[in-house]
Amino acid sequence: AHGYTYEVSFDAAHLAPAATYIPGVVQTDPLTVRFTLPTMYEAIRCFRALTRVVTSAVENCYG
């Protein structure tokens, strides 16, 4: 598969599942997601969407 692949690791386990609400974003382990898009423009747009989604994610139980 050609394109640009981003792999993003988070510091909290509730963030990776939240990121998978974005089509094409897959969780690869408890803290990490990955996506591949054909152009850098699309990859950057997806990354920006991902950061907005996880920024609003709230833990079910803190601590």
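With the charge dipole of the chain set up from +1 on Lys and Arg Cβ and -1 on Asp and Glu Cβ about the Cα centre, the Cα lying farthest toward the positive end among the listed residues Val53, Val33, Ala18 is that of Val53. Shape class for the chain: prolate, because the ratio a/c of the largest to smallest gyration tensor axis (alpha-carbon atoms, square roots of eigenvalues) is 1.5 or more and a/b beats b/c.
For the listed peptides 37-50, 12-25, a ranking on the average number of other beta carbons within 10 Å per residue, highest first, reads 12-25, 37-50. Projecting label points 7 angstrom from Cα along Cα→Cβ for Thr51 and Val26 puts them 2.5 nm apart. The helix-only estimate of mean residue ellipticity at 222 nm for the chain, built from DSSP H runs of length n ≥ 4 each weighted as -39500 (n - 2.57), is -10000 deg cm²/dmol after division by the residue total. Against the chain, whose longest principal axis comes from its Cα atoms, helix 40-55 is set at around 10 degrees.
Each label was represented as a point 7 Å from its Cα along the Cα-to-Cβ direction; for Ala12 and Tyr41 these points are 3.4 nm apart.
Read-outs throughout are calculated quantities, based only on the coordinates presented, and are distinct from any laboratory measurement. Model, not experiment: these values are computed from the prediction. Note that we place each Cβ from the backbone using ideal geometry, even for glycine, and neighbour counts take in every protein chain shown.
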